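What follows is a short report on a single structure.
Rule-based calculations on the coordinates, nothing more; no lab input. Everything numeric in this text was worked out from a predicted model, so none of it was measured. Here Cβ is always computed from backbone atoms with ideal geometry, including for glycine, and neighbour counts include all displayed protein chains.
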Amino acid sequence: MKIALLGYGKMGMAIEKVAIAKGHEIVYKVTLENAYDFMPLSLKNVDVAIDFSMPTAAVDNILKCFETNTPIVVGTTGWYDQFDEIKEKCLLEGQSMVHSTNFSIGVNLFYKINKILAAMMAHFDTYDVSIEEVHHSAKKDYPSGTALSLSKHIMDEIKTKTSIKERLIFGKDQPSQSVKAHELLIESFREGDVTGLHKVKYESMIDSIEITHDAKSRYGFAKGALLAAEWIVGKKGIFTMDDILNLDEIIK
């Protein structure tokens, strides 16, 4: 399979290593140096593109892939305010796209556990729920796309939570903020070179319940993105990791 990497930061490099190890070929890379030279023609002879670029570049990259009917896997976050427009165009034109706020198989298992737990906790109003996410200090967007997905899953089940309270923290020693009953607090810590840590916490006066996903390296994300790239070739439509992993069928 011939792959274009749209974004060649730490994630792009990890995907390259995993792809080459599996016998795939990286035929084009968009880097900081050549980003302005990226044109639809650049995707000639490409079977699939994988985007881990920047929020400001993701939509343009997607549209260039659509222009050339190149299947695309999108792992970039921070562009979802334009998601409805992209989804409509993808379906109308018969394009091929997999999108996810996190391609790690472990995180997608974590998503499913979070949904199930939230559905259970919705029946117990003595607990309050919050989310904590920790990423490296260079990460641009906050809350992380993963934290926003977790929050959506929680708010789908716990109807008393109707809005998000965001808090960006550099370092641990900052005063806490008051949170209203209808707000779901997401605390975003930025420190060092942390790959990604997410916690969902339920607190009551007498105990607490916590689920955690701690990414040990970027290779879990890279392997999931490559799995999505292998899966999407030859398919039409817009998909997520749910479609690829089919977890609902597994837990029946």
Using a cut-off of 12 Å between alpha-carbon atoms, which aspartates and glutamates can reach LYS159, once sequence neighbours fewer than 8 places away in the same chain are excluded? ASP125, GLU183
Residue separation between LEU197 and ILE169 times 0.36 nm, minus their alpha-carbon distance, gives in nm 8.7 nm
Please grab the % of Cα pairs in region 105-214 that end up more than 19 Å from each other. 42 percent
Name the residue, out of ILE72, ILE116, ILE105, whose mean-square fluctuation peaks in a Gaussian network model built on the chain with Cα pairs under 10 Å. ILE116
Point-to-point label distance, THR56-GLU249, nm (Cα→Cβ direction, 7 Å offset): 4.3 nm
Explain nothing, just the number: dipole magnitude of the chain about its Cα centre with +1 on each Lys and Arg Cβ and -1 on each Asp and Glu Cβ, in debye rounded to the nearest 20. 440 debye
For LYS2, list the lysines whose Cα falls under 24 Å from its own Cα; do not include residues on the same chain fewer than 8 positions away. LYS10, LYS17, LYS22, LYS29, LYS44, LYS64, LYS223, LYS235, LYS236
With r defined as the distance between the Cβ atoms of LYS17 and SER204 and R0 fixed at 45 Å, what FRET efficiency is calculated, to the nearest 0.05? 0.50
Given charges of +1 on the Cβ of Lys and Arg and -1 on the Cβ of Asp and Glu, with all other atoms neutral, how large is the dipole of region 105-214 about its Cα centre, in debye to the nearest 20? 320 debye
Computed FRET efficiency, Cβ-Cβ of ASP242 and MET39, R0 30 Å: what is it to the nearest 0.05? 0.35
GLU93/LYS180 FRET efficiency (R0 51 Å; Cβ-Cβ; nearest 0.05): 0.75
Value of Rg/Rh across the chain [Cα atoms, Kirkwood radius]: 0.99
A correct Karplus calculation of ³J(HN,Hα) over region 127-143, with 6.51 cos²θ - 1.76 cosθ + 1.60, θ = phi - 60°, whole Hz and x for Gly and Pro, returns 9, 10, 10, 8, 10, 10, 10, 10, 9, 4, 5, 8, 5, 7, 8, 8, x
Taking the alpha-carbon distance from LYS152 and a cut-off under 16 Å, which lysines remain once sequence neighbours fewer than 8 residues away in the same chain are dropped? LYS112, LYS115, LYS161, LYS165, LYS199, LYS201
Taking the chain as a Gaussian network, where each spring joins two C-alpha atoms under 10 Å apart, which residue of GLU132, GLU67, GLU187 fluctuates the most? GLU67
